[in-house]
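The values are calculated or read from the model by the stated rules, or taken from the named source; none is laboratory data. Note that this is a predicted model, so its numbers are computed, not measured. Positions of Cβ are backbone-derived with ideal geometry, glycine not excepted, and every protein chain shown enters the neighbour counts. Accessible surface areas use protein heavy atoms only, side chains included; no ligands, DNA or RNA. Shrake-Rupley method; radii C 1.70, N 1.55, O 1.52, S 1.80 Å.
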Amino acid sequence: MGIIKRDVSAKSGRSAVTIIAQGNHFKGDTQVSGKMHVDGLFEGSVDSSEDISIGRHGCVRGRIKARNVTVSGVLEGELICDQLHIERGGQVRATVYSDNLSIDPQGCFVGERRLQVTPQLEYHPEEAVREHSGSIDYSLIDSLPDRITLS
């Protein structure tokens, strides 16, 4: 008699959750199918097609790519996501490529935020000379990425 059924498939309709519990240290690069929650220490890079959350005791140093990221602990490095939410007590010290960024009171963000799709600016000296001879085109300023430093 056992508690593990041998005829049940490991794949199910539900998404898997990968957990790095408090007191555990993971080092390396990984690709996660499903969600991930970090309450321990993770050093390296992680790529997920779903959400990643960093708990109050969690610390991630490296590169994260995910859909939605919620930080209650510490994130240092680089982050690529659709949406970043920094909760109360959360600390992000990173370069962030995200369309949406929200920070709760007493959350901390130190770094640089850029939109995921950064327009490529090209410099053409002959056009610059023509622009200076007449009116100045301020539309280039609006296309520059944002730089945010909050504490």
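Before moving on, here are some points about what is shown:
- Accessible surface for the range 42-90, divided over its residues, is 39 Å² per residue with a 1.4 Å probe.
- The heavy atoms of V17 present about 90 square angstrom of accessible area, all protein chains included, probe 1.4 Å.
- I19 - accessible surface, heavy atoms, 1.4 Å probe, Å² rounded to 10: 110
- Its residue count N fixes a reference of 2.2 N^0.38 Å for the range 27-82, and the Cα radius of gyration divided by that reference is 0.94.
- For the range 42-117, the residue among I80, S45, V92 whose Cα projects farthest onto the positive side of the dipole built from Cβ charges is V92.
- Approximating the spin labels as points 7 Å out from Cα along Cα→Cβ, the V17-to-D104 distance works out to 1.7 nm.
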